[in-house]
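All remarks here apply to the structure that follows.
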Amino acid sequence: MANLTGNDRSQYVQDVFTRIAPRYDLMNRLMTGGQDLRWRKEVIRRARLSPGERLLDLGAGTGDLSREALRQQPQAHVVTADFTLEMMRVGKVNTSLPLAWSAADALHLPFADQSFDALVSGFLMRNVADLPLSLSEQSRVLKSGGRLIILDTTRPKRSLIYPFTWLHLHVVIPLLGTLVSGQHDAYTYLPDSTEHFLYAEQLAERMAGAGFTNIGFRRLMLGTIAIHWAEKSAA
């Protein structure tokens with residue numbers, strides 16, 4: 001399913017996340033041993049939010065990054081956007097924080113040019129049907145000098161630890177997904193989409209191609225996760 005393109009990919013991804021929404025947060029904790037909470041804190045730290053600034057949490061799911069943003073900077077204005085309504089419904093039930101929830105397709109953002117000071121995403125980019133278009137849209141809605149931070153899986157490099165990485169991706173995660181959520185195919189899609197996604201260096205190149213500067217990244221969790229950061233070029 002990771003090889004699907006265009007509308008077929010978008011529809012499949014939306015269906016997957018609709019089905020796993022009730023157990024999404026729990027599965028994230030189990031798959032990462034709780035490390036994803038620490039990664040999200042780093043993402044928001046790198047967003048460098050000041051009081052009154054506007055943050056877009058794109059592909060927000062249940063709003064984990066949005067909630068962390070308000071913990072770190074309570075005076076920020078956070079827009080929590082996703083195209084899977086069920087994920088946002090679960091998130092709204094689980095928080096009383098003042099988040100502005102918005103239905104939004106990452107390929108056609110319903111926001112004006114230069115609307116946000118920072119934009120973050122968690123596990124979005126490997127799922128979009130058109131990566132260059134999504135990066136272009138993210139650049140469009142960011143102000144000049146705005147910060148972009150991406151947390152996502154990344155294609156693991158072959159090394160001595162690769163057999164352990166493969167075992168975690170293709171055995172442990174599908175087994176956990178089946179036991180916890182009952183959605184085996186959804187949790188075979190995740191490792192497949194990881195191994196069909198870009199290497200961290202390649203995503204950095206795509207970000208540069210979209211006009212971002214000051215790009216950096218670091219790998220996490222045996223090279224299967226990466227945080228990328230960049231800034232929109234000043235006008």
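The values are calculated or read from the model by the stated rules, or taken from the named source; none is laboratory data. Remember, predicted model here, so these are calculated numbers, not experimental data. Note that each Cβ is placed from the backbone with ideal geometry, even for glycine, and that neighbours are counted across all protein chains shown. We work out accessible area using only protein heavy atoms, side chains counted, and drop any ligands, DNA or RNA first. Shrake-Rupley method; radii C 1.70, N 1.55, O 1.52, S 1.80 Å.
Here are a few things to note about the model shown:
- In the set Asn28, Asn7, only one residue is within 25 Å of Met221 (Cβ to Cβ) and among the polar types (S, T, N, Q); that residue is Asn28.
- Of all residues in segment 127-161, those satisfying the criterion of being of a type outside the set (Ser, Thr, Tyr), open to solvent by 10 Å² or more (accessible area, probe 1.4 Å) and closer than 23 Å to Gln11 by Cβ are Asn127, Val128, Ala129, Asp130, Leu131, Pro132, Leu133, Glu137.
- Inspection of segment 86-100 identifies no residue that is within 16 Å of the chain's Cα centre (by Cα), farther than 21 Å from Glu231 by Cβ and polar (S, T, N, Q).
- With respect to the stated conditions, Leu119 fails to be over 20 Å from Asp15 (Cα atoms), among the aliphatic types (A, V, I, L, M), out of contact with any Pro (no Cβ under 8 Å at 6 or more places or on another chain) and in a loop (DSSP other than H, G, I, E, B).
- Within segment 31-41, one or more residues are under 28 Å from Gly182 (Cβ atoms) and aliphatic (A, V, I, L, M).
- Residues that are buried (at least 24 other Cβ atoms within 10 Å of the Cβ) and in contact with a Ser or Thr (Cβ under 8 Å, 6 or more places away or on another chain), drawn from segment 117-126: Met125
- Residue in segment 151-172 that is modelled with pLDDT of 85 or more and more than 18 Å from the chain's Cα centre (by Cα) present: no
- Taken across segment 9-23, residues that are hydroxyl-bearing (Ser, Thr, Tyr), assigned to a strand (DSSP E or B) and surrounded by 14 or more Cβ atoms within 10 Å (Cβ to Cβ) do not occur at all.
- For segment 102-117, a residue qualifies if it is without any contact (Cβ under 8 Å) to a residue 24 or more places away in the chain and closer than 16 Å to Ser66 by Cα, and the qualifying residues are Ser102, Ala103.
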